[in-house]
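A short worksheet on the structure shown next.
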Amino acid sequence: GTNNMQAKLVLLGDMGAGKSSLVLRFVKGQFQEFQESTIGAAFFSQTVAVNETTVKFEIWDTAGQERYHSLAPMYYRGAAAAIIVFDITNNDSFVRAKKWVQELQRQGNENLVMALAGNKSDLASKRKVETEEAQTYAEENGLFYLETSAKSAQNVNELFYEIARRLPKA
Ligand code: GTP
Ligand code: MG
């Protein structure tokens, strides 16, 4: 038979890294060149099937602007999974991603499944963060790393599917 489960998932990362765009791609299969900056947070849900289990993600897409930082614990508290997003063309966004990882390691759930997404992989000619650097950082900190593009859809379904696969099953 099939098992159904729900999982709270939060996206964190610098403003402009592409959190909302990844969610829009995953939930609606769309991309917007002029995606509006998120105010506070936005909620979405989407379901994926892994073997015999159907995982319904309850997704909190947070706002990356610094003035919303103090709201973040409301969204990561009780989360089963987190996606930390940075923009491969912006080194500051990678620095910020590492700060989010530290905060989640201190304050997040004990069994939190964490993914690091190096987004905008379609902009390879403007790359500032090397794949190997991000991959090594992820391995050393217990996350898995994928390079994604909300624009081309590269690795977007794979990102959510891999999280679903790693969630502890009932
Ligand atoms: P905040 O809501 O301010 O925290 O930003 P965000 O992380 O949600 O970023 P958002 O999804 O709004 O994307 C910011 C800009 O980058 C938008 O203009 C997007 O169209 C663009 N963008 C997002 N993902 C990609 C991508 O994979 N490739 C390219 N080329 N542009 C992208
Ligand atoms: Mg946003």
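Pick from 121, 125: which is more than 13 Å from the chain's Cα centre (by Cα), crowded, with 17+ Cβ neighbours inside 10 Å and away from ligand 2 (no atom under 16 Å from the Cβ)?
After ruling out the rest, the residue left standing is 121.
Among the residues of the range 3-10, is any out of contact with any Cys (no Cβ under 6 Å at 6 or more places or on another chain) and without any contact (Cβ under 8 Å) to a residue 60 or more places away in the chain?
Yes - at least one qualifying residue is present in the range 3-10.
Please go through the range 18-36 and pick out each residue that is near ligand 1 (Cβ under 6 Å from one of its atoms), of a type in the set (D, E, K, R) and in a helix (DSSP H, G or I).
19 - this is the single residue of the range 18-36 that is near ligand 1 (Cβ under 6 Å from one of its atoms), of a type in the set (D, E, K, R) and in a helix (DSSP H, G or I).
Give the residue, chosen from 82, 72, that is in contact with a helix residue (DSSP H, G or I) (Cβ under 7 Å, 6 or more places away or on another chain), surrounded by 18 or more Cβ atoms within 10 Å (Cβ to Cβ) and aliphatic (A, V, I, L, M).
82
Can you tell me which residues in the range 27-60 are within 22 Å of residue 168 (Cα to Cα) and within 14 Å of ligand 2 (Cβ to nearest atom)?
Within the range 27-60, 44, 59, 60 meet the criteria.
Residues are listed down the side, and each one gets a yes or a no for (1) out of contact with any Leu (no Cβ under 6 Å at 6 or more places or on another chain); (2) buried (at least 20 other Cβ atoms within 10 Å of the Cβ); (3) touching a residue at least 60 places away in the same chain (Cβ under 8 Å):
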position: 129; (1), (2), (3): yes, yes, no
position: 134; (1), (2), (3): yes, yes, no
position: 137; (1), (2), (3): yes, no, no
position: 163; (1), (2), (3): yes, yes, yes
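Read-outs throughout are calculated quantities, based only on the coordinates presented, and are distinct from any laboratory measurement. This structure is a prediction, so every number in the text was calculated from the model and none was measured. A quick note on method: Cβ atoms are made from the backbone with ideal geometry, for glycine too, and the neighbour counts reach across all protein chains shown.
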